[in-house]
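Asks: My questions all concern the structure below.
The values are calculated or read from the model by the stated rules, or taken from the named source; none is laboratory data. Just so it is clear, the structure is predicted and the values come from calculations on it, not from any experiment. We place every Cβ from the backbone using ideal geometry, glycine too, and count neighbours over all the protein chains shown. Side chains included, ligands, DNA and RNA excluded: accessible areas come from the protein's heavy atoms. Shrake-Rupley method; radii C 1.70, N 1.55, O 1.52, S 1.80 Å.
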Amino acid sequence: MKILTNIAVSESGYLFNPTNGDSFSSNLVATDIITLMKQNKTSDEIKKALHAKYDVEKSTIERDYDEFIQELGDNYLLSTDGK
Amino acid sequence: MENKKKITVAVTGLNAVDSPGPGVAVARGVRELEGYDVRVIGLSYEALEPGIYMEGIADKTYQIPYPSAGSESLMTRLEYIQEQEKIDVLIPNFDAELYNFIKLSPKLKEMGINTYMPTTEQFEARDKVNLYAFCQKHGFYVPRDKTIYNASELPAVAAHFNYPLVVKGKYYEAVVCQTLDQAQKAFHKLEAKWGLPIIVQEYISGTEINVAALGDGHGETVSAVPMRKLFITDKGKAWAGVTLEDSRLVKLAKDFIKVTNWRGGFELELMVTTDGRPYFMEINPRFPAWIYLTVGAGQNQPAALVRLAMGEKVKPYETYEVGKTFIRYSWDMIIDIEQFQHFSAFGEN
């Protein structure tokens, strides 16, 4: 799953979708995920990075990651054609 | 020191109020016209239009008669103003006044006043009452609508479109109605304010996107900048907005210009559905009040229009900054009552 390439993310976790003008605030973990997605990391690589950084069970990371990806999709922030 | 050419540009629409005219924003853009020493002449209908008194907008303002007074009385006033000011370019900024200015444009040209407006045919083709047929003809998405002259026609129209539906005034305002009772009230309110006919339109759900653009009159696009409203007032006006990166919207403006050979500035009001279909809600035949955002984003449409009106060749803009945002604000200006009294009494400041 890839995030749209033109999504702008600031250091403070502010997301801007330049195609439709939607903007979002994200917390630290979400910002980490988006930053890693923009670096073309795979789901497994992102989950491993989160596990290394945060003191959380793997199962919690799995669940939260899937929910967050679902949320990105619901807000038209994921690429449907690999772009 | 650079020897700049002097130019005098007149603008209307100085009513920078809660439902603002575009004049102040247009004047700001024109003042940034490169290579020229610009003098701006304001043309106002009311003595309390804020642009008359704002610093750095109009160097001098003259009152002009309301459009309802007709083109002859407007011409008489413009002849007087031209004797004083030697206006080079005039930019009208209201839908309701455009017809008179288009009609007068050959005479204005003879007086040395250049304009860059749509033709009468272009102006009428995109009128609210003709919008559906126009869009159907050219393959643009458009909500179904019905022009009516009597409230008794509402039940039949509502049965056809279902609720919610939109009841729109001839010139301005639209009301989203959920019931027949609401639609009847909206009909009578808009009839009293703007006259007949009333347009009843199918409701389209989606995101409101606007595109400000400039056509060269020969089918080429000089500029097109899409914007999403971030904050909308209770009158439906943008109080904040951001430029978007969407080549489909820019292409839509280019397609519109190509099929109409549009001459001058205009605004597409679009409703983009969740599946990405852009519906034409309205086409305004002049710059919008948020036009200064195009200047901020790198495409000075008012300045480009002045160059076109002066007969200069203008290279089309190719890029603009995405994510440029405008935030409108209100500000209490303090003026002496004498300034207001002088303008009210003499029709000029």
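Asks: At a probe radius of 1.4 Å, figure out the A/B buried accessible area, summed over both chains, and give it in Å² to the nearest 100.
Replies: Roughly 700 Å².
Asks: From the protein chains alone at 1.4 Å, what is the descending order of accessible area for B:127, B:332, largest first?
Replies: B:332, B:127
Asks: Highest GNM mean-square fluctuation, chain B, Cα pairs closer than 10 Å: which of B:172, B:45, B:141?
Replies: Looking only at B:172, B:45, B:141, the largest GNM fluctuation is found for B:172.
Asks: With charges set only on the Cβ (+1 for Lys and Arg, -1 for Asp and Glu), what does the dipole of the range B:304-346 come to about its Cα centre, in debye to the nearest 20?
Replies: Using only the charged Cβ atoms, the result is roughly 360 debye.
Asks: Put a dot 7 Å past each Cα toward the Cβ at residue B:331 and residue B:261; how far apart are the dots in nm?
Replies: 4.3
Asks: Once phi is turned into θ = phi - 60°, what whole-Hz ³J(HN,Hα) does the Karplus curve with 6.51, -1.76 and 1.60 give for every residue of the range B:319-334, x standing for Gly and Pro?
Replies: With the stated coefficients, the range B:319-334 comes to 10, 8, 7, 8, x, 6, 10, 10, 10, 7, 9, 9, 8, 8, 7, 10 Hz.
Asks: Leaving ligands, DNA and RNA out of it, report the carbon-plus-sulfur percent of the accessible area of chain B at a 1.4 Å probe.
Replies: Accessible surface attributable to carbon and sulfur in chain B totals 50 percent.
Asks: Residue by residue through B:270-277, how many Cβ atoms from other chains fall within 10 Å of the Cβ on average?
Replies: Across B:270-277, the average partner-chain Cβ count within 10 Å equals 1.
Asks: Still on this structure, I have one more. Compute the FRET efficiency between residue A:57 and residue B:46 as 1/(1 + (r/R0)^6), taking r as their Cβ-Cβ distance and R0 = 56 Å, and round to the nearest 0.05.
Replies: Once rounded, the FRET efficiency stands at 0.25.
Asks: Rounded, prolate or oblate, given the Cα gyration tensor of the range B:47-92, with a/c below 1.5 counting as rounded?
Replies: oblate
Asks: Using the Karplus equation 6.51 cos²θ - 1.76 cosθ + 1.60 (θ = phi - 60°), what ³J(HN,Hα) coupling, rounded to whole Hz, does each residue of the range B:185-192 give in order, writing x for Gly and Pro?
Replies: Per-residue couplings from phi come out as 4, 4, 4, 5, 5, 6, 5, 5 Hz.
Asks: With a 1.4 Å probe and all protein chains kept in place, how do B:292, B:163 rank by accessible area, largest first?
Replies: The ordering from most to least exposed comes out as B:163, B:292.
Asks: Can you pull the accessible area of residue B:19 for me, 1.4 Å probe, Å² to the nearest 10?
Replies: 40
Asks: So how far apart, in nm, are the two label points at residue B:76 and residue A:79 if each is 7 Å from Cα heading toward Cβ?
Replies: Inter-label distance under the simple model: 6.7 nm.
Asks: Given a 1.4 Å probe, how much area per residue of the range A:8-74 is accessible, in Å²?
Replies: 63
Asks: Just the accessible area for residue A:10, please: 1.4 Å probe, Å², rounded to the nearest 10?
Replies: It works out to around 50 Å².
Asks: Sticking with this structure for a sec: May I ask you to list the residues of the range B:285-301 whose amide nitrogen lies under 13 Å from a point 7 Å from Cα along the Cα→beta-carbon direction of residue B:231?
Replies: none
Asks: Label-point separation (nm) for residue B:66 and residue B:156, each offset 7 Å from Cα along Cα-to-Cβ?
Replies: Those two pseudo-labels are separated by 3.4 nm.
Asks: Same structure, new question: Under 5 Å between amide hydrogens, which residues at least 5 positions from residue B:141 or on another chain qualify, with H placed 1.01 Å from N in the peptide plane?
Replies: B:280
Asks: Something else now. Rounded to the nearest 10 Å², what accessible area does residue B:54 have for a 1.4 Å probe in the complete protein model?
Replies: 60
Asks: Tell me which of A:20, A:50, A:40 sits at the most positive position along the dipole axis of the range A:8-74, charges placed on C-beta atoms (Lys, Arg +1; Asp, Glu -1).
Replies: A:40
Asks: In terms of solvent-accessible area of protein heavy atoms at a 1.4 angstrom probe, what is the ranking of A:78, B:270, highest value first?
Replies: Sorted by accessible area, descending: A:78, B:270.
Asks: With every protein chain kept in place and ligands, DNA and RNA left out, what is the accessible area per residue of the range B:144-202? Probe 1.4 Å, answer in Å².
Replies: Counting only protein heavy atoms, the per-residue value for the range B:144-202 is 52 Å².
Asks: With the solvent-accessible surface defined on protein heavy atoms using a 1.4 Å probe, which residues belonging to the range A:4-28 display a reduction of at least 30 Å² in accessible area in the multichain context relative to the isolated chain?
Replies: So the qualifying set is A:16, A:18, A:19, A:20, A:21.
Asks: Taking every DSSP beta bridge that has both residues in the protein assembly as shown, what percent is antiparallel when rounded to the nearest 5?
Replies: Of the beta bridges lying entirely in the protein assembly as shown, close to 75 percent run antiparallel.
Asks: Identify the trypsin sites (Lys or Arg not before Pro) of the range B:1-98 meeting these criteria: DSSP loop state and at most 12 other C-beta atoms within 10 Å of the C-beta.
Replies: Here the sparse-neighbourhood loop sites are B:4.
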